[in-house]
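Only one structure is covered here, and it is reproduced in the block below.
The values are calculated or read from the model by the stated rules, or taken from the named source; none is laboratory data. Only a predicted model underlies this, so the values are computations on that prediction, with no experimental measurement involved. Reconstructed Cβ throughout: ideal geometry from the backbone, glycine too, with neighbour counts over all protein chains shown. What goes into the accessible areas is simple: the full protein's heavy atoms, side chains included, and nothing from ligands, DNA or RNA. Shrake-Rupley method; radii C 1.70, N 1.55, O 1.52, S 1.80 Å.
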Number of protein chains: 2
Amino acid sequence: MIRKKSGHLRKPAVAAAARRSPCPVACALDILGDRWTLLVVRDLILGHTRFRDFIASPEGIPTNILSERLERLQRSGIIEQVPAQDGTKRLAYGLTGKGKALQPLLVALRDWGLEWEKGTRVGISNDEFRSSYGIGK
Amino acid sequence: MIRKKSGHLRKPAVAAAARRSPCPVACALDILGDRWTLLVVRDLILGHTRFRDFIASPEGIPTNILSERLERLQRSGIIEQVPAQDGTKRLAYGLTGKGKALQPLLVALRDWGLEWEKGTRVGISNDEFRSSYGIGK
DNA sequence: TAATAATACTTGCATAATGCAAGTAAAATG
DNA sequence: CATTTTACTTGCATTATGCAAGTATTATTA
């Protein structure tokens, strides 16, 4: 809903006309700027695709939050729902081109976190992490 | 406050013991994961230092939010308060080394936004933007 | 020197988002 | 066919957001 004061939005806008700013950083944050969204993208980059996979990550995302974030990421064209690859009728999620383009952002976040947040570590080696991100091919 | 379920935090943790995850991305998002914090860092990178400067950015950040974010960024060691450089008794803000290390993240956000959020643009040329970021020196 | 303006916040409050816990429904499994 | 698993939805208490107005200090102007 657009509020009275220019630029103030309660729901992140998609259309340019409803944007709080012409700045690409601000517009990116309207989609990505919360504690959970980029973690869902991280898990997809790491190869996880199923609702149960996201829940199993160490942060313990609440299921109503996960559901809401998956819905928003789909509406933003960053992920898509696809048939699960295990022969069942279940659905899985995948990154679109727009979503895969978030890799440099995740790498920068991870690198900053490793350097400046003591005690943090990735679950896999840096080489494996980079390999799964398609870096250094 | 640490909640009952493991990993659920209402206030972003600083100490490792209170983290929701060992993942550097998750820990970085505990500090940076909202719509306003990285915009404050953007403005500092662009050379703005004063409270009135942040307010003047196109997004129109509410003053209570700005105040709160500046306080949190200081507590996280990302920015510091310094005397204003205009000979008055007013104070200004500056990035620490930890804060300056966020440049690659801002560049990745901006580049993603420019590519995938149609109609967004930076206020200055890419060369000027990169120059002010110290990239390509 | 006093009045006015600018700056840097704080406060009150309504609304929205978050997140816990429990629940539901469909699909899968044994 | 019964049970389990998976993918959500719902209710509600708490927290965060953000508008508008206000306060206090500092700077500027007349």
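Listed by chain and number, the aspartates and glutamates whose C-alpha is less than 18 Å from the C-alpha of A:K98, apart from same-chain residues fewer than 8 away, are A:D30, A:D43, A:E71, A:E80, B:D111, B:E115, B:E117.
What are the semi-axes of the equivalent ellipsoid of the stretch A:35-133, taken as the square roots of 5 times the eigenvalues of the Cα gyration tensor, listed largest first and rounded to whole Å?
Output for the stretch A:35-133: semi-axes of 23, 15, 14 Å.
Chain B residue nearest the rotation axis toward A, with distance: B:A108, 2 (Cβ to axis, whole Å). Interface area, chains A and B: about 4300 Å² of buried accessible surface, summed, with a 1.4 Å probe and ligands, DNA and RNA left out. Under 5 Å from the amide H of A:A92 lie the amide H atoms of A:V82, A:A84, each residue being 5 or more positions distant or on a separate chain, with H modelled from the backbone and absent for Pro and chain starts. Distant-in-sequence amide contacts of A:I79, defined by a placed amide H-H separation under 5 Å and a gap of 5 or more residues or a different chain, comprise A:Q74, A:T96. Using the Cβ-Cβ distance between A:A101 and A:A56 with R0 = 25 Å, the FRET efficiency computed as 1/(1 + (r/R0)^6) comes to roughly 0.45.
What a 1.4 Å probe finds exposed on the stretch B:35-132 is 50% carbon and sulfur by accessible area, rounded to a whole percent. Our coupling estimate for the stretch A:94-109, obtained by passing each phi through the Karplus curve with A = 6.51, B = -1.76, C = 1.60 and θ = phi - 60°, is x, 7, 7, x, 4, x, 5, 5, 7, 3, x, 5, 5, 5, 5, 5 Hz, Gly and Pro reported as x.
Label-to-label distance for B:L91 and A:R121 is 3.8 nm, based on points extended 7 Å past Cα in the beta-carbon direction.
As I understand it, the dipole of the stretch B:35-132 uses +1 on the Cβ of Lys and Arg and -1 on the Cβ of Asp and Glu, about the Cα centre. Which of B:I78, B:L102, B:I45 lies farthest toward its positive end? Farthest towards the positive pole: B:I78.
Inter-copy label distances at B:Q85, using a point 7 Å along Cα-to-Cβ, come to 5.3 nm with the shortest given first. Taken one residue at a time, the phi angles of the stretch B:33-39 give Karplus couplings (6.51, -1.76, 1.60, θ = phi - 60°) of x, 7, 7, 10, 4, 5, 6 Hz. Gly and Pro are set to x. For A:L44, neighbours were defined as the other residues whose beta-carbon sits under 13 Å from its Cβ, and their charges (Lys and Arg +1, Asp and Glu -1) total +2.
Phi angles of the stretch A:58-64 translate, via the Karplus equation with coefficients 6.51, -1.76, 1.60 and θ = phi - 60°, into HN-Hα couplings of x, 6, x, 4, x, 5, 5 Hz per residue; Gly and Pro are given as x.
The stretch B:44-85 and the stretch A:15-73 have Cα centres lying 26 Å from one another. With the simple model of a label 7 Å out from the Cα in the direction of the Cβ, A:I65 to A:A84 spans 2.4 nm.
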